[in-house]
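Okay, so here's the structure we're looking at.
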Amino acid sequence: MLTKQELDKYREDIVFETQLVGRPFVFRSTWGLFSPREIDEGTRLLLQHVEVGPDDNCLDLGCGYGPIGLALAALAPGGRTLMVDKDFVAVEFSNRNVAFNRLPNARAQLSDGFRHIDPTLRFDLIASNIPAKVGKEALSLYLHDARQRLNSGGRLYVVTINGLREFMKRNLTEVFGNYDKLKQGAHYTVALAVRD
């Protein structure tokens, strides 16, 4: 049985430093969030292949504690970055990490996919590390909603496990009319679709 001291230790924030997109970040996270002690392999692969303009308005869909969104905000200081997650703990930690890393052009809010995002907002770039178990129905909604919310020429970057690669190719081609496999690693694939 765990002691009170051990349990109290589990309740403390997890804090780690890392480099993303050529700059240092400090992240706070907690048990129960995805990859709480380090940036996962899929997120790192995605961030190595995303191209962000300095004034891009960005969306991080399913932000967790915020590594993708904070990296996008750092690369697009003249734009605004919105991070959304359906987990209120993830949103809380994302907003704390925004403040901690001094990125005033980013913020996080609760949303189930696009459902709770201001319907007037449009984005130049949407990025997501899509969970393997999200389900085809939710994934279909994400892709159709992403296309609707992108400006003309806007880009959707996704990273998925390799097992979803063909599904993503079919569905991105169907929804966007195009698909570009940017990188296939040992476990993850980064794909891009562009709204015409």
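The values are calculated or read from the model by the stated rules, or taken from the named source; none is laboratory data. All values derive from a computational prediction rather than experimental measurement. Every residue, glycine among them, receives a Cβ derived from its backbone with ideal geometry; neighbour counts consider all protein chains shown.
Some observations on this one:
- Residue within region 99-108 that is modelled with pLDDT of 95 or more, out of contact with any strand residue (DSSP E or B) (no Cβ under 8 Å at 6 or more places or on another chain) and assigned to a helix (DSSP H, G or I) present: yes
Every residue, every condition in (1) in contact with a Pro (Cβ under 8 Å, 6 or more places away or on another chain); (2) without any contact (Cβ under 8 Å) to a residue 40 or more places away in the chain; (3) assigned to a helix (DSSP H, G or I), yes or no:
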| position | (1), (2), (3) |
| --- | --- |
| 34 | yes, no, no |
| 45 | no, no, yes |
| 51 | no, no, no |
| 60 | no, no, no |
| 65 | yes, yes, no |
| 71 | no, no, yes |
| 92 | no, yes, yes |
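- Any hit, region 3-12, residues being at negative phi and either touching a Pro at 6+ places or on another chain (Cβ under 7 Å) or surrounded by 18 or more Cβ atoms within 10 Å (Cβ to Cβ) (or both): no
- For residue 18, the conditions (1) assigned to a loop (DSSP other than H, G, I, E, B); (2) surrounded by fewer than 20 Cβ atoms within 10 Å (Cβ to Cβ) all hold with the exception of (1).
- Residue in region 21-30 that is surrounded by the fewest Cβ atoms within 10 Å (Cβ to Cβ), counting only those that are in a strand (DSSP E or B) and hydrophobic (A, V, I, L, M, F, W, C): 26
- Top-ranked residue in region 147-196 [being of a type outside the set (A, V, I, L, M), in a helix (DSSP H, G or I) and in contact with a helix residue (DSSP H, G or I) (Cβ under 8 Å, 6 or more places away or on another chain); ranked as surrounded by the fewest Cβ atoms within 10 Å (Cβ to Cβ)]: 167
- Residue count for region 96-136 under the criterion of being touching a residue at least 60 places away in the same chain (Cβ under 8 Å), buried (at least 17 other Cβ atoms within 10 Å of the Cβ) and more than 15 Å from the chain's Cα centre (by Cα): the result is 2.
- Selection status of residue 55, in contact (Cβ under 8 Å) with a residue 12 or more places away in the chain and charged (D, E, K, R): yes
- Verdict on residue 60 being within 13 Å of residue 43 (Cβ to Cβ) and either surrounded by 17 or more Cβ atoms within 10 Å (Cβ to Cβ) or within 11 Å of the chain's Cα centre (by Cα) (or both): yes
Residues are listed down the side, and each one gets a yes or a no for (1) over 25 Å from residue 142 (Cβ atoms); (2) of a type outside the set (A, V, I, L, M, F, W, C); (3) under 18 Å from the mean Cα position of the chain (by Cα):
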residue: 6; (1), (2), (3): yes, yes, no
residue: 10; (1), (2), (3): yes, yes, no
residue: 22; (1), (2), (3): yes, yes, yes
residue: 28; (1), (2), (3): yes, yes, yes
residue: 39; (1), (2), (3): no, no, yes
residue: 50; (1), (2), (3): no, no, yes
residue: 53; (1), (2), (3): no, yes, yes
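- In summary, residue 144 fulfils each of the numbered conditions (1) surrounded by fewer than 20 Cβ atoms within 10 Å (Cβ to Cβ); (2) touching an Asp or Glu at 6+ places or on another chain (Cβ under 6 Å) with the single exception of condition (2).
- Residue 33 surrounded by 21 or more Cβ atoms within 10 Å (Cβ to Cβ) and at negative phi: no
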